[in-house]
Amino acid sequence: MVIAVYPGSFDPATYGHLDVIQRASVSFDKVIVGVLHNSAKSPLFSVEERVNILEKATKDIPNVIIKPFNGLSVNFARENHAQVIIRGLRAVTDFEYELQMAQTNRVLAPDVDTVFLTTSLEYAYLSSTIMKEVAYFGGDLTKFAPAEIIEAVKSKIANRVQE
Ligand code: ADP
């Protein structure tokens with residue numbers, strides 16, 4: 001049984017992330033999406049909210065589960081008996097950082113390999129940050145994420161503006 005973890009911030013998940021998850025679920029027996037408790041960035045959604053959003057968005061894929069995690073991706077992989085870490089690659093701009101991370105992880109954990117899934121072309125430009133920026137200025141989000149996620153982003157931003 002080949003288990004893969006897919007770590008990230010997912011603040012919140014976009015069609016780009018969901019596409020990677022869907023495709024990974026075909027190649028691996030089990031895909032565990034790890035939602036990072038990232039204190040360095042100040043996320044729009046809490047880790048519980050991000051987990052909840054991903055659970056709803058992936059409910060129809062039986063071999064995908066969502067878990068929060070802290071710390072190193074290689075430790076998260078080992079705790080879950082995963083042999084593989086999945087990362088998405090959009091453009092050359094992702095490449096240098098991702099290569100460095102993959103090499104570091106290989107030094108830390110030679111038994112865990114990184115597998116890159118290249119983005120589907122229609123999502124190559126898409127990131128959680130871009131989606132949030134468009135949302136702040138009231139733009140149309142329908143190309144970026146499913147309706148439930150769009151609603152969550154809009155209500156979160158409306159609450160923030162009121163604060
Ligand atoms: P991180 O903060 O770890 O980069 P993200 O939530 O931004 O977390 O991304 C998690 C992973 O998903 C990363 O490997 C990233 O490259 C990938 N990813 C993000 N957006 C897309 C997209 N549109 N297409 C393919 N992969 C993507």
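The values are calculated or read from the model by the stated rules, or taken from the named source; none is laboratory data. Being a predicted model, the structure only gives us computed values, none of them experimental. Please note: Cβ atoms are built from the backbone with ideal geometry, for glycine as well, and neighbour counts cover all protein chains shown. The protein model used for the area step is the full one, side chains on, heavy atoms only, and it has no ligands, DNA or RNA in it. Shrake-Rupley method; radii C 1.70, N 1.55, O 1.52, S 1.80 Å.
List of remarks:
- Projecting the Cα positions of LEU121, VAL134, LEU108 onto the charge dipole of segment 20-136 (unit charges on Cβ atoms of Lys, Arg, Asp and Glu, taken about the Cα centre) puts VAL134 furthest along the positive direction.
- Segments 78-90, 136-148, 52-64 sorted - mean Cβ within 10 Å per residue, highest first: 78-90, 52-64, 136-148
- Å² per residue, accessible surface of the chain at 1.4 Å: 56 Å²
- One decimal place: the segment LEU121-LEU99 gains 5.9 nm when fully extended, by the rule 0.36 nm per residue minus the C-alpha distance.
- When only alpha carbons are used to place a centre, segment 59-85 and segment 120-139 end up 25 Å from one another.
- Table column - 3J(HN,Hα) (Hz), segment 87-97, Karplus curve with 6.51, -1.76, 1.60, x for Gly and Pro: 9, x, 10, 9, 8, 4, 4, 6, 5, 4, 5
- Chain lengthening between HIS37 and LYS143 when straightened (0.36 nm per residue, less Cα-Cα): 35.5 nm
- Whether segment 38-96 is rounded, prolate or oblate, judged on the alpha carbon gyration tensor where a/c under 1.5 counts as rounded: rounded
- Residue pairs exceeding 22 angstrom between C-alpha atoms, taken from LYS30/LYS132; LYS67/LYS143; LYS59/LYS132; LYS56/LYS156; LYS67/LYS154; LYS41/LYS143: LYS30/LYS132; LYS67/LYS143; LYS59/LYS132; LYS67/LYS154; LYS41/LYS143.
- Label point at LEU108 placed 7 Å out along Cα→Cβ; residues across segment 12-56 whose backbone nitrogen lies under 18 Å: 32-41
- Relative to the longest principal axis of the Cα atoms of the chain, the long axis of helix 15-27 lies at roughly 30 degrees.
- Cα long-axis angle, helix 47-57 against the chain (0 to 90 degrees, to the nearest 10): 90 degrees
- FRET efficiency estimate (nearest 0.05) - Cβ-Cβ, ARG160 to ILE65, R0 22 angstrom: 0.15
- Helix-only CD estimate at 222 nm, as mean residue ellipticity for the chain, using -39500 (n - 2.57) per DSSP H run (n ≥ 4): -14000 deg cm²/dmol
- Overall form of segment 35-133 per C-alpha gyration tensor (a/c, 1.5; a/b vs b/c): rounded
- Calculated SAXS-style log₁₀ I(q)/I(0) at q = 0.12 Å⁻¹ - segment 1-85, Debye, Cα scatterers: -0.31
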